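> One structure coming up, written as structure tokens, with questions to follow.
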Amino acid sequence: NASSPLSVDAKRDLVFVPTSSASPNWFGGTRPGDNRYANSIVALRGSTGKVVWQFQTVHHDVWDGGTPAQPMLVDIPKDGRRIPAVVILTRQSLVFVLNRETGVPLFPVEERPVPTDGVAGEQLSKTQPFPLRPPALMKTQLGSGDAWGLTFWDESQCREQIEGARHGDLYTPPSDKGWIMFPGPADGMNRGGGAFDPLHNLLVANLAQIGMYLKLLPRGEGPPAENTGPQSAMPMGSPENIEGTTWAIEKRALLGPSGLPCTRPPWSTLVGVDLAAGEIRWSVPLGTVSKLAAIPLPPFKWGGPVAGGPIVTAGGITLVGATADARLHAFNTETGHEIWSVSLPSPAHADPMTYAVDGRQYVVVAAGGDALVNPEAIDDYLLAYALPDRYLKRQPQAGAAALDSGPASVP
């Protein structure tokens, strides 16, 4: 299935389908092989429905690593010409940039060996695909030396959690002894996707980086989970049965006694990536932790859970809500410098929109909270703000095409 929005290139008669994990999740012994069309971008001919090409980002997924966001259709300068590309964002914090017409990567992708010693009956892939550029947009593994806490007690408890579970780099196999995922299934780039500034070839995306503890259990062990959906990514407390298998899955965020993550902040970032060069240009903290801790804390810019993506404008501004601290933020797209933020009545876990009326540009965002990230802050607001005239439109640089005066968001 495709749980994220599809994208369409009408000119090329192409539909891009971002597919999710194969079922059942977390254990793949009943579905051997790579599960070819899962965890992929599948390009279909719009007029016929026939497959034109397919690219898989995770082979034989048992980590809930389905494609979390809509494919981004952008044009990227390379070898003296602009190439129509499709950009794939992943929960593993990896970015794959492909030729939109052929599916061939614009930057090399290599198959790297990964561990295959999973639980009994599992048949894991021996390799997984990694793009050589851009690099991963966040750290991708934890060790006991990475444990963090507000106090020595917090840090020691976090270190015990990490040391007591299997941990390593991406694609550490699920374990019946417990294992750490970092990034976890609710981390990396997720719902809401990214935005693209064509003037500077900059991808802008926000990432969560909190981590999760998981454990496979014999089915039926422990009380049944609440009815929260099949094998959902967020921590739900009681184990959930993995339908079609003999297993259940326990999941919880990797937190210390203070209720803060066991990893060093920031716990969410906004990242700017040059897609022409395949390089990270900047990375800045996104949001504060003031509403999350079990104890009162100043509004440190440490980030936290995020849901929802950014947009960019032709005036050089990136706008993003997404954070649990109930604020809308504006950043300089070229530098990542935060230039403005405003308190909202409820967290805006949604992509903002921008539009113009009579030459004045506005941004509007839905602020309604999130049942998983902010269950105590569910509300129903639409809020609009006007952009100052100096941010309406940049003059294009030499050799760059002029941008339209209307909305310049690429959702």
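The values are calculated or read from the model by the stated rules, or taken from the named source; none is laboratory data. These numbers come from a predicted model, not from an experiment. Glycine also receives a Cβ, built like all others from the backbone with ideal geometry; neighbour counts cover every protein chain displayed. Each accessible area value is taken on the protein alone, full model and side chains, heavy atoms only, with ligands, DNA and RNA left out. Shrake-Rupley method; radii C 1.70, N 1.55, O 1.52, S 1.80 Å.
> Does S258 satisfy the condition of being free of Cβ contacts under 8 Å to residues at least 60 places away in the same chain, over 25 Å from L383 (Cβ atoms), in contact with an Asp or Glu (Cβ under 9 Å, 6 or more places away or on another chain) and not in a strand (DSSP E or B)?
no
> Can you list the strands (runs of 3 or more DSSP E) found entirely within region 32-144 that contain at least 1 residues being open to solvent by less than 40 Å² (accessible area, probe 1.4 Å) and either under 21 Å from V273 (Cβ atoms) or aromatic (F, W, Y) (or both)?
So the answer is 40-45, 51-56, 72-78, 81-89, 95-99, 127-131.
> Taking the stated definitions as given, is P68 touching a strand residue (DSSP E or B) at 6+ places or on another chain (Cβ under 8 Å), modelled with pLDDT of 95 or more and at negative phi?
No, not satisfied.
> Does S283 qualify as being without any contact (Cβ under 8 Å) to a residue 40 or more places away in the chain, small (G, A, S) and open to solvent by 50 Å² or more (accessible area, probe 1.4 Å)?
no
> Spot the failing condition for V17; the list is (1) more than 30 Å from N241 (Cβ to Cβ); (2) open to solvent by 10 Å² or more (accessible area, probe 1.4 Å); (3) outside any loop (DSSP other than H, G, I, E, B), and only one is missed.
It is condition (1) that V17 fails.
> Determine, yes or no, whether I295 is hydrophobic (A, V, I, L, M, F, W, C) and modelled with pLDDT of 95 or more.
Judged against the criteria, I295 is not a match.
> Across region 316-349, what is the total count of residues that are surrounded by fewer than 23 Cβ atoms within 10 Å (Cβ to Cβ), modelled with pLDDT of 90 or more and of a type in the set (G, A, S)?
The qualifying residues number 5.
> Are there any strands (runs of 3 or more DSSP E) wholly within region 173-218 with 2 or more residues that are within 16 Å of L137 (Cα to Cα) and either among the aliphatic types (A, V, I, L, M) or free of Cβ contacts under 8 Å to residues at least 40 places away in the same chain (or both), and if so which?
Strands (runs of 3 or more DSSP E) meeting the threshold: 202-208.
> Might you let me know whether region 306-318 holds any residue that is without any contact (Cβ under 8 Å) to a residue 60 or more places away in the chain, in a loop (DSSP other than H, G, I, E, B) and polar (S, T, N, Q)?
No, every residue in region 306-318 fails to be without any contact (Cβ under 8 Å) to a residue 60 or more places away in the chain, in a loop (DSSP other than H, G, I, E, B) and polar (S, T, N, Q).
> Now for a separate question. Mind listing whichever residues of region 331-357 are over 15 Å from F196 (Cα atoms), in a strand (DSSP E or B) and of a type outside the set (D, E)?
Those that are over 15 Å from F196 (Cα atoms), in a strand (DSSP E or B) and of a type outside the set (D, E): I339, W340, S341, V342, S343, Y355, A356, V357.
> Would you be able to tell me the number of residues in region 145-172 that are in a loop (DSSP other than H, G, I, E, B) and hydrophobic (A, V, I, L, M, F, W, C)?
So the answer is 4.
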